[in-house]
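S.K.: Just dropping this structure here.
The values are calculated or read from the model by the stated rules, or taken from the named source; none is laboratory data. These numbers come from a predicted model, not from an experiment. Because the Cβ atoms are built from the backbone with ideal geometry, glycine has one as well, and the counts that use them run over all protein chains shown. These area figures cover heavy atoms from the full protein model, side chains too; ligands, DNA and RNA do not enter into them. Shrake-Rupley method; radii C 1.70, N 1.55, O 1.52, S 1.80 Å.
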Amino acid sequence: MATSFLLLPTQFFPPKPPNFSHLTLSPPLSTPLSLSSPKPHFQPLRLRDFRVFSDDGDSGDGDYEMDDEEVEEVDNKKDFELEYEPLGSVSSSHAGVSGDEVIDVAQSKSFVSTQGWDSELVVDYRINEEEFHKISLFHCDFFIRKPPDPDNDVFDFREMYVTPPDTDVYSIPKVLAPMPDKYIRCAKSDYGCYNVTEPPIDAPRDPMYKSEREVSKVFLTKHYRNRRLNDPEFVLDFEEIYVIDSKTKSITRAKVLVTVPEGRKRDRKGDLLVIRDNGNSFKIIQASERDDPTTVIEREEWTNTRQDMERHLRKLRDFSISNWI
């Protein structure tokens, strides 16, 4: 069954070295979730708070792909196509007119560009892991160059490596989409679950259950205009998401469908990101369009109940589909 969770781009608290591992979600297979974050109070350094919402699933009749010229923008969108629903041309007073915030380039002496290298090629040297963002997944560890920055959220996708968990055998990951060739700020969120097992009880005080955290994917969402977390106009750019897959040891850019009427000229603070199909389907809707969790669960359960009933009735009749509802 398809699962999903939602992300709302709002303002955040002042920066702190990012550690978003607590964002890992393990929603029930039938429950779409959403995340939203409150407006910041610029007092103590705290991480974000999240609340759970839901969405009504995927629907996108009449979608079309934007032209490359229309998508070409200063914030590194010229190499990727986005999909927008043709809901008319609506002007927006909130459209951004300024370019990305300039991030100072500080090349490391150990920098080695891996762009264009063969995937799964094992390199004959070791890296200084302190100079990289280490992203730990269930099947591997992913390393992306980390330029020096106080916020610790700048990524340089020109140098990336992947290793088996907790080893120093570095190889080139699979790159399935064009990566940015300049520094960008990203927020990291995990997509995974908890595997709960009942191990053999060897001693009276042994735990009856064991929970293991399994991160299957990591989403790197670009900061809109590369703004810092403490910027009053900070918001996430859900149109530019990079997906790291644990099983395939690859990185790609998500194909995002935008259903908001104003298109790319919209006020992005009202965006709601819907992620479904085990992290393979991405859609941006208005926050007002979300359904309450109970409605979504009932809809999903009814679909499953009908499928189970069809499988049962198929054994008792000589035609494939019934009209029992």
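S.K.: Taking N as the number of residues in the range 145-196, what value does Rg over Cα atoms divided by 2.2 N^0.38 Å take? It would help to have the intermediate numbers written out before the result.
M.R.: Values: Rg = 13.7 Å, N = 52, 2.2 N^0.38 = 9.9 Å.
It is 1.39.
S.K.: Could you state the number of Å between the C-alpha centres of the range 243-284 and the range 143-184?
M.R.: 21
S.K.: Counting other Cβ atoms within 10 Å, keep those with at most 16, restrict to DSSP loop, and tell me which chymotrypsin sites (Phe, Trp or Tyr not before Pro) in the range 117-172 are left.
M.R.: Working: sites: W117, Y125, F132, F138, F142, F143, F155, F157, Y161, Y170; in loops: W117, Y125, F138, Y170.
Those that pass, being in a loop and sparsely packed, are W117, Y125, F138.
S.K.: Let me ask you something else. State the antiparallel share, in %, of DSSP beta bridges confined to the range 184-305, rounding to the nearest 5.
M.R.: On the way: 29 of 32 bridges.
In the range 184-305, DSSP labels about 90 percent of beta bridges as antiparallel.
S.K.: Continuing with this model, one more query. Quick one: which residues, 5 or more positions from V256 or on another chain, have an amide H under 5 Å from its amide H? H modelled 1.01 Å from N in the peptide plane, none for Pro or chain starts.
M.R.: The list, which skips near neighbours in sequence, is E83.
S.K.: I'd like to check one number: the per residue accessible area of the range 227-268, probe 1.4 Å, reported in Å² as a whole number.
M.R.: On the way: 1440 Å² over 42 residues.
Dividing the accessible area of the range 227-268 by its residue count gives 34 Å².
S.K.: Between their Cα atoms, which of K188/K210; K182/K283; K217/K255; K182/K222; K146/K188; K146/K182 are more than 18 Å away from each other?
M.R.: Details: K188/K210 26 Å; K182/K283 26 Å; K217/K255 15 Å; K182/K222 12 Å; K146/K188 13 Å; K146/K182 12 Å.
Check vs 18 Å cut-off fails for K188/K210; K182/K283.
S.K.: Evaluate 2.2 N^0.38 Å with N set to the residue count of the range 239-314, then give the Cα radius of gyration divided by it. Spell out each step's value before the answer.
M.R.: Values: Rg = 16.8 Å, N = 76, 2.2 N^0.38 = 11.4 Å.
Ratio of Cα Rg to 2.2 N^0.38 Å: 1.47.
S.K.: I would also like to ask the following. How would you order 268-276, 252-260 from highest to lowest mean count of nearby Cβ atoms within 10 Å? Don't jump to the answer; show the numbers that get you there.
M.R.: On the way: 268-276: 22.7, 252-260: 19.8.
Going by the mean number of other Cβ atoms within 10 Å, highest first, we get 268-276, 252-260.
S.K.: Turning to a different aspect of this structure: In terms of the ratio Rg/(2.2 N^0.38 Å) built on C-alpha atoms, what value belongs to the range 137-293?
M.R.: Values: Rg = 18.7 Å, N = 157, 2.2 N^0.38 = 15.0 Å.
Its radius of gyration relative to the 2.2 N^0.38 Å reference: 1.24.
S.K.: Viscosity 1.002 mPa s, temperature 20 °C: Stokes-Einstein D of the range 108-171 from its Kirkwood Cα radius, in µm² per second? It would help to have the intermediate numbers written out before the result.
M.R.: Values: Rh = 12.2 Å.
Once the numbers are plugged in, D ends up at 176 µm²/s.
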